[in-house]
1. Can you go through Pro275, Pro240 and tell me which one is buried (at least 16 other Cβ atoms within 10 Å of the Cβ) and in contact (Cβ under 8 Å) with a residue 24 or more places away in the chain?
2. From (1) at pLDDT 95 or above; (2) among the polar types (S, T, N, Q); (3) under 16 Å from the mean Cα position of the chain (by Cα), pick out the condition that doesn't hold for Asn45.
3. Residues Asp245, Asp216: which one is modelled with pLDDT of 95 or more, under 17 Å from the mean Cα position of the chain (by Cα), of a type in the set (Asp, Glu) and surrounded by fewer than 21 Cβ atoms within 10 Å (Cβ to Cβ)?
4. Restricting to the range 234-278, what's the tally of residues that are basic (Lys, Arg) and assigned to a loop (DSSP other than H, G, I, E, B)?
5. Within the range 49-92, how many residues are of a type outside the set (A, V, I, L, M, F, W, C) and farther than 28 Å from Glu168 by Cα?
6. What strands (runs of 3 or more DSSP E), lying completely within the range 52-171, carry at least 1 residues that are surrounded by fewer than 14 Cβ atoms within 10 Å (Cβ to Cβ) and free of Cβ contacts under 8 Å to residues at least 40 places away in the same chain?
7. How many residues does the range 172-194 hold that are assigned to a loop (DSSP other than H, G, I, E, B) and crowded, with 17+ Cβ neighbours inside 10 Å?
8. Could you tell me which residue of the range 36-46 is surrounded by the most Cβ atoms within 10 Å (Cβ to Cβ), considering only residues that are touching a residue at least 60 places away in the same chain (Cβ under 8 Å) and touching a strand residue (DSSP E or B) at 6+ places or on another chain (Cβ under 6 Å)?
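The values are calculated or read from the model by the stated rules, or taken from the named source; none is laboratory data. Bear in mind that the values here come from a model prediction, so they are computed numbers and not experimental data. For neighbour counting, all protein chains shown are included, and Cβ atoms are generated from backbone atoms with ideal geometry for every residue, glycine included.
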Amino acid sequence: MKRIITVISLMVMILGCSAKSPPLVELVEVTGGSMILGSDETDSNKPHRVSLDTFYMAKYPVTMKLWKQFLAETGLSFDWDSELTYRKMTFREFAGNDTYAAQGMNWYYAVAFCNWLSKKEGLQPVYNINGVLTERYAWEGYEMEGQKQPEVFWNKKANGYRLPTEAEWEYAARGGQLSKGYRYAGSNNPEEIGLFRQAHPYPVGQFKPNELGLYDMGGNVAVWCWDWYDYKAWAWLPEPNPSVDSTKAVRYFHPNRVEKNKIKVIRGTMWEERPHEVSWREAFPPALPYWVGIRLVRSKL
């Protein structure tokens, strides 16, 4: 009897050691389908139909807790004393609150974060990053010393974490197949989904989620998307799973930006801005840090 108990105890220990740790982010399944995205009110995002495969999206933006863990484990530098807005606020002033949305990274750090988390959870990294990762790079239109910007390629057969395409973000923000046609992401009243024109950030998940149960899609923090910015991408991208995957693919440059085709799409609304409707889009150069965060997705392969 004693031997049987010992064997059973050993098996329990082995099974316990082999069990996977729970995922560090909570995902919501976004059922694929067709939808009209965009709005008649903006030239850069006119109404157009997209058809998307099912994917998974994080319930919340990446938090400061996970961001600090990424920096500690990778050893990448991050200037907590950067001042990036006219408010003269630095990241260090709110870094101690782990429930705030991570923000302030450049686009290259955002894709590196995706790969880091994929490896951590035993998934295949999505991005091939060729080049040196650093906080700041030289970029067109501004005088700045720095490394040459890396090249990043998306392995669409990989099952790891990645950034949303612009179409995926808007489709999910509108509620996917559960959409009620709200003006903002989750409500016609922006006060239900976030705080705006604030002097500082605030914790994630404090306001009403949208139809899919996704929080902070229309407030708290804007997020990096995968796509390179094309001013009229809606006019030429194919309907199925559209994305602007390279600078060479860009056809229409932003008429008022010096960066030409070297800017990345931003979606969502930040805590210091006015509310933006769900069709609103913006873009920044990927080379420098901004008050922008990360919303993770995974393909359903």
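1. Numbers: Pro240 fails: buried (at least 16 other Cβ atoms within 10 Å of the Cβ).
So the residue among Pro275, Pro240 that is buried (at least 16 other Cβ atoms within 10 Å of the Cβ) and in contact (Cβ under 8 Å) with a residue 24 or more places away in the chain is Pro275.
2. Condition (3) is where Asn45 drops out.
3. Details: Asp216 fails: surrounded by fewer than 21 Cβ atoms within 10 Å (Cβ to Cβ).
Selected residue: Asp245, the only one of Asp245, Asp216 that is modelled with pLDDT of 95 or more, under 17 Å from the mean Cα position of the chain (by Cα), of a type in the set (Asp, Glu) and surrounded by fewer than 21 Cβ atoms within 10 Å (Cβ to Cβ).
4. Of the range 234-278, the ones basic (Lys, Arg) are 248, 251, 257, 260, 262, 264, 267, 274.
Now restrict to residues that are assigned to a loop (DSSP other than H, G, I, E, B): 251, 257, 260, 262, 274.
Selection size over the range 234-278: 5.
5. Step one: of the range 49-92, the residues of a type outside the set (A, V, I, L, M, F, W, C) are 49, 51, 53-54, 56, 59-61, 63, 65, 68-69, 73-75, 77, 79, 81-83, 85-88, 90, 92.
Now restrict to residues that are farther than 28 Å from Glu168 by Cα: 73-75, 77, 79, 81-83, 85-88, 90, 92.
The qualifying residues number 14.
6. Details: elements: 55-58, 127-130, 151-154.
In the range 52-171, the matching strands (runs of 3 or more DSSP E) lie at 127-130, 151-154.
7. Step one: filter the range 172-194 for residues assigned to a loop (DSSP other than H, G, I, E, B), giving 174-175, 179-183, 185-186, 188-189, 193-194.
Checking the rest, the ones that are also crowded, with 17+ Cβ neighbours inside 10 Å come to 174-175, 179, 182, 185-186, 193-194.
Number satisfying all stated conditions: 8.
8. So the first thing to find is which residues in the range 36-46 are touching a residue at least 60 places away in the same chain (Cβ under 8 Å), and the list is 37-39, 41-46.
Among the residues that remain, those that are also touching a strand residue (DSSP E or B) at 6+ places or on another chain (Cβ under 6 Å) are: 37-38.
Details: Leu37: 22, Gly38: 18.
Restricting to residues being touching a residue at least 60 places away in the same chain (Cβ under 8 Å) and touching a strand residue (DSSP E or B) at 6+ places or on another chain (Cβ under 6 Å), the top hit is Leu37.
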